[in-house]
Every structure is written in C-alpha cells, then in structure tokens.
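**Student:** Pasting a structure here, questions to come.
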Amino acid sequence: MTQSLTILRPDDWHLHLRDGAMLAGIAPESARHFARAIIMPNLVPPVVTGAQAQAYRERICAVTGPAFTPLMTLYLTETTDPDDVVAAHQSGIISAVKLYPAGATTNSASGVRDFNKVRAVLEAMAEAGIPLLCHGEVTDPEIDIFDREAVFIDRVLDPIRRATPKLRVVMEHITTANAVAYVQDATDSLAATITTHHLVINRNHLLVGGIRPHYYCLPVAKRETHRRALVDAATSGDRRFFLGTDSAPHADDAKESACGCAGCFTAPNTLSILAHVFENAGKLDQLEGFVSQNGPDFYRMPQNDRTITLEKSATPVSYPAKIGTGAGPVTVFDPGFPLYWRVVD
Ligand code: DOR
Ligand code: ZN
C-alpha cells in the first residue's frame, strides 16, 4: 500500500531568491511547495531600506503569484537607521533584519565590522520585537573556517544576547553541535534554522574523492558528529529548531570554477529529502513540527491552514538534475541517495 503523509503546508525560514532572470527561473521551485519564505536581502546592492524591501517583494510576487508570501528582511549595515527598521516592521513590509559579519559570505561586503555601531538598531529591534537573523560565522582570518561558527557564538552572539536580553534572535543555518547546545541551553528568545543539505552532507562529501562544488556552502559542512547533532536537533520535537533551507542558487559556471561560489540549491527536492531523513531517524511524526509549525510559532505568525501531501513510492522518484534559467542552468542538490517521497498535492 502506498504510504502517504499530509501535513500543514511548510514555510522556508531562510531562502535566497536573487533577482532578475535568476529570480524568474528559480522562485517557482519554492512557491510550488512552500506557503511563505523569509527572503534574504543579500542582493547586489543589498536590500537596506524599507522602500527597497517593498520593491523587491513586488518583483518576487510578480513571478510567484498570490499563493506564495515572501517575508522580507533588511540587510543590517553600520549605518542602518533604527527608525527606518521599526517603521518598515510596523507597516508590515519586513519581518526581520539580517546580520552578516562583513566578508562572511556571498555579497556580505556591506555587513557589520564593528558591532558597537549597530547597538542602537539592536536596542530598537528588541523593543519592537523584530527578530535578528544571524549569519553566525566570524571573519577573523586567524580563525580556521571549520571553527568560525563556534567562535562566533563566544565572541559575537553571546555578548549581543547578554547586552540585549530582550532581542529575539535566530541563529541561521547552524552546522555544529556547539550551536545546537547553545540554543538548547538558552531561553526561548533564541531559535535556530537548519538547512536540508546540512542534515545530509558532512565535509567528507565535499572533499573526498574530488572536490564537489555543488556541496560547497557557507557555513561549510562540518564533520559527521556535527551532522548527527543537527539531525537529532531537527527531529527532536524541540520547537526552537525549524527549517530554513538556505537554498542559494548560483549558475553552474559560477560554482564549477577555480573560485566557486558558496550555496546549495535545494528548493526543488527539499521536502523529498527531509521526509527521507526524518523517516530514517524514525521520526516522520516530527516532520510537520520542523517544517510547518515551529517556524511560525517563533515568528509569532499563524500556522498555514492549507496542507501538503507526500507519498512514498516503491521505486525512486525523479527530479530535474538542473533548472534552466535566463541566467544559466542551476544544478539541483543531489543528496547522494535515491529519494522515494514526493509531493503529490
Ligand atoms: O552558502 C551560502 N550561500 N551561504 C550564505 O550564507 C549565502 C549564500 C548565497 O547567497 O549564495
Ligand atoms: Zn543564506
């Protein structure tokens, strides 16, 4: 008998949709399965004002139509105006503010170098209940790339949270057991998103037997013990962990290069992969919490009332290896194992 699973429609609490021809090519892949998504502001130039967020939202909606709701964010810079942030939030244009340490990842050059310069914005956000979404990696060249998340917790995140205890924070795309433990030990003003790809790959997948550019992302995948800690957290039922795919498309020629870009494009097959991961952990009953309930609860938004149904087939399901866009083909994340679950409705 075919196994099927109907759950509340999922949301993606961390998504890159880009702009122009790339946006037009890849946004339908998220809109097909997800009701809402938190949209990252790291365009070139970045989305730094409420007016820019509103214009970007309109460009997204023109592609996806009304069934998909983009939840906009502002890119925090050292010159961000606290009043603009609060006004954009009060008028419903933005749902959160994104912190990129300068130089941490793709298009992060305008990010924050001196955290003292954003104190006033963070205070205003704490008062207004606006979540701060952290790319949690230090950029100190002395710090090894595999340690950058753990050091960020000690050097940046913990001091910010101590100085501004009311601030609601999401540590984005966590990759370490250190981050899992930090969230578990914190109050419920702190939550974390976990990506699909970090539940599946460790650093061996990236580097053993040849370098795999489509597995390169930031934060970079860590060793297997960390991947297991992420699976345990995601499937635990702890409401502070929820899905943020960090699906981050780059055209293939930008990935398959001597200096390839960071980002895994998981939008088309994320739900198939997650059903597989949760089933393998014996926790299929926790999938709905992770993809559809914990996120809106943290963001103080209603859960979706529409549903989605997944079905498990006896033979592997197919998905496109690449999505063609006007900005070039984009390779879809290959989990490295066959998938049996697919979204049917
Ligand atoms: O792998 C990543 N890609 N990590 C990020 O933080 C940014 C993203 C992108 O924009 O390509
Ligand atoms: Zn991201």
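**Student:** Which trypsin sites (Lys or Arg not before Pro) in segment 278-345 pass both tests, a DSSP loop state and at most 12 other beta-carbon atoms within 10 Å? Intermediate values should be presented prior to the final figure.
**Tutor:** On the way: sites: Lys283, Arg300, Arg306, Lys312, Lys322, Arg342; in loops: Lys283, Arg300, Arg306.
Answer by residue number: Arg300, Arg306.
**Student:** On to the next question. Treat every Asp and Glu Cβ in the chain as -1 and every Lys and Arg Cβ as +1, leave all other atoms uncharged, and give the resulting dipole magnitude about the Cα centre to the nearest 20 debye.
**Tutor:** Computed about the Cα centre, the dipole is about 340 debye.
**Student:** By counting other Cβ atoms within 10 Å of each Cβ, how are Glu127, Glu172, Glu29 ranked from fewest to most?
**Tutor:** Ranked by crowding around the Cβ, least crowded first: Glu127, Glu29, Glu172.
**Student:** From the helices alone, meaning DSSP H stretches of at least four residues, give me the mean residue ellipticity at 222 nm for the chain, per-run term -39500 (n - 2.57), in deg cm²/dmol to the nearest 500.
**Tutor:** -8500 deg cm²/dmol
**Student:** Give the percent of DSSP beta bridges with both residues in the chain that are antiparallel, rounded to the nearest 5.
**Tutor:** 30 percent
**Student:** Just report the Cα centroid separation between segment 169-248 and segment 41-65, whole Å.
**Tutor:** 27 Å
**Student:** Further question: Once the Cα atoms of helix 119-128 and of the chain are each reduced to a long axis, what angle between those two axes, in degrees from 0 to 90 to the nearest 10, is obtained?
**Tutor:** Helix 119-128 and the main axis of the chain meet at about 70 degrees.
**Student:** Mind pulling the angle between the C-alpha long axis of helix 50-64 and the longest principal axis of the chain? Nearest 10 degrees, somewhere in 0 to 90.
**Tutor:** Value to nearest ten degrees: 10.
**Student:** Leaving out same-chain residues fewer than 8 places away, which lysines sit with a Cα under 21 Å from that of Lys117?
**Tutor:** Cα-Cα hits under 21 Å: Lys98, Lys166.
No lab work stands behind these numbers, since they all come straight from the coordinates. Small disclaimer: the values here were computed from a predicted structure and weren't measured. When we count neighbours, we look across all protein chains shown, and the Cβ atoms used for this are built from the backbone with ideal geometry, even at glycine.
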